1. Name, by its number, the condition in (1) open to solvent by 100 Å² or more (accessible area, probe 1.4 Å); (2) not in a helix (DSSP H, G or I) that does not hold for S43.
2. With the requirement that a residue be in contact (Cβ under 8 Å) with a residue 12 or more places away in the chain, in contact with a helix residue (DSSP H, G or I) (Cβ under 6 Å, 6 or more places away or on another chain) and closer than 16 Å to C39 by Cα, what does the stretch 72-109 give you?
3. Got a sec? Which of I37, I33 is surrounded by fewer than 18 Cβ atoms within 10 Å (Cβ to Cβ), among the aliphatic types (A, V, I, L, M), out of contact with any Gly (no Cβ under 7 Å at 6 or more places or on another chain) and outside any helix (DSSP H, G or I)?
4. Filtering the stretch 46-60 down to residues that are within 20 Å of the chain's Cα centre (by Cα) and outside any strand (DSSP E or B), which residue is surrounded by the most Cβ atoms within 10 Å (Cβ to Cβ)?
5. From the set of residues in the stretch 77-107 that are assigned to a helix (DSSP H, G or I) and open to solvent by 80 Å² or more (accessible area, probe 1.4 Å), which is nearest to I45 (Cα to Cα)?
Amino acid sequence: MYFLSSLAADIIKLPSVAEKEQTTAFYFHKAGIPNVIGCIDGSHIKIDKPTERSVDYINRKGYHSIVLQGLYNEHLNFIDIFIGYPGLVHDARVFRNSSLYSKLQTVCG
């Protein structure tokens, strides 16, 4: 696990200005939507039942999970991830508490 986390900073990183322009052009050409630098979604990672506060980890589908929020580009490469909230937490709350939300002005310009 340490090996993977040690690679994260080199693999999962926000796009440069040139990469943003390339991604924006791709999505505008494909869907006609301007100024898109990535797509964001949440996913539930199944976990064993925690020993403490286990009900907080039961998601809407009825199993224990933690939430992974991912932002990815047109090549399906992650450019930002945020993970760790209990499965009960709504995607909107996860997003509002993510580091991406706090730096939107810098990321999007």
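The values are calculated or read from the model by the stated rules, or taken from the named source; none is laboratory data. These figures come from a predicted structure and were not determined experimentally. Note: ideal-geometry Cβ built from the backbone for every residue, glycine included; neighbour counts use all protein chains shown. SASA here: full protein model, heavy atoms, side chains in, ligands and nucleic acids out. Shrake-Rupley method; radii C 1.70, N 1.55, O 1.52, S 1.80 Å.
1. (1)
2. Selection gives N73, E74, D80, F95.
3. Only one candidate passes the filter, namely I33.
4. If we take residues in the stretch 46-60 being within 20 Å of the chain's Cα centre (by Cα) and outside any strand (DSSP E or B), then Y57 is surrounded by the most Cβ atoms within 10 Å (Cβ to Cβ).
5. R93
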